[in-house]
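The values are calculated or read from the model by the stated rules, or taken from the named source; none is laboratory data. Worth saying up front: this structure is predicted, and the values here are computed from it rather than measured. Please note: Cβ atoms are built from the backbone with ideal geometry, for glycine as well, and neighbour counts cover all protein chains shown.
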Amino acid sequence: MSTTQASHSLAFRVMRLCRPTLHVDTPLLVDPSDLLVGEDIFDDPLAASQLPRLLSGPGIKPPEDAADLGYRTRFLLHDATDSMGLSGLLLLPQAFGAIYLGETFCSYISINNSSNFEVRDIIIKAEIQTERQRILLLDTSKSSVESIRAGGRYDFIVEHDVKELGAHTLVCTALYNDGDGERKYLPQFFKFIVANPLSVKTKVRVVKDTTFLEACIENHTKTNLYMDQVEFEPAQNWSATKLKADEHHSEMNSAARETFKPPVLIRSGGGIQNYLYQLKSSSQGPEHVKVEGSNVLGKLQITWRTNLGEPGRLQTQQILGAAITRKEIDLQVAEIPATIIFGRSFSALPKVEAFGSSDFHLKLVATKLGVQRITGISVFDYRERKTYDPLPDMEIFVDLE
């Protein structure tokens with residue numbers, strides 16, 4: 001078995017299959033007015049009014065003659081869109097280019113026979129090799145290619161969902177019988193780097209019984225990204241609501257937007273888009289009363305497209321909130337009078353919650369007028385000799401009769 005590179009009859013050729021790009025040929029065109037006058041002519045209304053007559057003089061053809069491709073007018077800017085340089089042609093990828101996490105790597109592979117004789121019994125393998133694993137994309141061991149004639153080729157397409165960052169290697173190998181019957185082995189390697197297309201930064205804030213999750217998505221690519229979907233998948237015992245800014249649209253526009261949701265544009269080179277979600281715990285019952293540990297909120301599902309519709313999809317890791325620490329006893333005020341009179345007793349109805357709840361009455365007397373604060377009410381367990389967290393401070397207003 002020979003592995004000498006110079007003696008091989010076969011060779012692999014690889015082209016990445018992706019959406020073509022617009023072919024831009026930046027032209028060197030000038031406006032006729034720039035050849036004769038400067039921009040400051042528009043500062044003088046009288047001079048600016050004479051500009052059309054000046055441009056219609058001998059030797060300068062008006063824009064209506066744009067179909068004339070003569071030497072004298074081919075460098076003139078007849079229309080403002082001509083300066084964009086869009087030729088109407090699409091350009092196929094000339095190299096692997098930038099490959100990003102979440103995309104589908106699709107490659108067109110051709111194995112060519114450049115010799116003057118036929119090769120037979122070809123076994124072809126294609127693999128993606130990363131720092132962690134090797135992924136088999138094609139294997140013709142069970143049904144080998146019978147032959148490739150002289151000057152002929154065998155083509156195939158492989159796909160791989162990119163799920164790892166860093167260096168990747170497309171490994172293409174062929175085991176075949178040469179023209180003289182010798183069994184040869186041909187390996188070829190094509191390396192590329194997978195980069196991160198975007199970064200996701202999250203902030204978690206807790207306001208009373210509601211948790212707010214803010215997600216900031218930043219575009220690190222050189223093209224615009226159109227976000228089709230940025231959805232938060234809550235963990236068990238959580239519910240999520242996406243919060244949006246108030247938008248004033250007519251009923252017709254609102255119905256159309258529900259049917260077709262336009263994608264959100266995040267511009268290339270550091271564009272940012274923020275999303276806000278309101279999370280509420282849906283845990284109920286005594287089995288959820290005391291839970292300690294990490295608070296897993298959920299994860300984000302992100303899908304996008306590039307300028308020409310190339311899709312991408314990412315899923316974040318689990319997003320964690322503050323650690324859950326539930327109180328063994330939660331002391332709350334269930335009821336208090338709306339009006340409290342100076343010198344008269346009033347009843348407060350605290351509630352103690354643990355695996356069940358219990359209400360009890362306290363008789364209090366206000367000794368000062370105005371805004372007063374009730375503090376220091378706590379629960380003491382005589383059996384375990386343990387004092388639990390006190391009732392949160394509460395303000396009342398004491399008035400005269």
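Of the residues making up segment 178-190, those that are at pLDDT 90 or above and surrounded by 15 or more Cβ atoms within 10 Å (Cβ to Cβ) are LYS184, LEU186, GLN188, PHE190. Go through the residues of segment 220-233 one by one and say whether even a single one is buried (at least 16 other Cβ atoms within 10 Å of the Cβ), out of contact with any Phe, Trp or Tyr (no Cβ under 9 Å at 6 or more places or on another chain) and not in a strand (DSSP E or B). Yes - at least one qualifying residue is present in segment 220-233. Answer yes or no as to whether SER141 is in contact (Cβ under 8 Å) with a residue 12 or more places away in the chain and outside any strand (DSSP E or B). Here the answer is yes, as SER141 does meet what is asked.
Closer than 24 Å to ASP161 by Cα, in the same structural domain as LYS222 (by TED's automatic domain parsing), at pLDDT 85 or above and part of a strand (DSSP E or B): which single residue out of LEU276, LEU314, LEU320 fits that description?
Result: LEU314 is the single residue among LEU276, LEU314, LEU320 that is closer than 24 Å to ASP161 by Cα, in the same structural domain as LYS222 (by TED's automatic domain parsing), at pLDDT 85 or above and part of a strand (DSSP E or B).
If you go through segment 240-260 and keep only what is surrounded by 10 or more Cβ atoms within 10 Å (Cβ to Cβ), out of contact with any Leu (no Cβ under 7 Å at 6 or more places or on another chain) and at pLDDT 65 or above, you end up with THR241, LYS242. Is at least one residue of segment 97-112 touching a residue at least 40 places away in the same chain (Cβ under 8 Å), farther than 30 Å from LEU300 by Cα and not in a strand (DSSP E or B)? Scanning segment 97-112 turns up no residue that is touching a residue at least 40 places away in the same chain (Cβ under 8 Å), farther than 30 Å from LEU300 by Cα and not in a strand (DSSP E or B).
Residues in segment 207-217 that are surrounded by fewer than 16 Cβ atoms within 10 Å (Cβ to Cβ) and part of a strand (DSSP E or B): 5 in all.
Condition check ((1) in the same structural domain as LEU225 (by TED's automatic domain parsing); (2) surrounded by 15 or more Cβ atoms within 10 Å (Cβ to Cβ); (3) at pLDDT below 75; (4) touching a strand residue (DSSP E or B) at 6+ places or on another chain (Cβ under 9 Å)) across all residues:
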{"site": "ASN307", "(1), (2), (3), (4)": "yes, no, no, yes"}
{"site": "ARG344", "(1), (2), (3), (4)": "no, no, yes, yes"}
{"site": "GLY356", "(1), (2), (3), (4)": "no, no, yes, no"}
{"site": "GLY370", "(1), (2), (3), (4)": "no, no, no, yes"}
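All told, VAL204 falls short of being buried (at least 17 other Cβ atoms within 10 Å of the Cβ) and touching a residue at least 60 places away in the same chain (Cβ under 8 Å).
LEU101 fulfils the conditions (1) exposed (fewer than 13 other Cβ atoms within 10 Å of the Cβ); (2) at pLDDT 65 or above; (3) among the hydrophobic types (A, V, I, L, M, F, W, C) except for a single criterion, (1).
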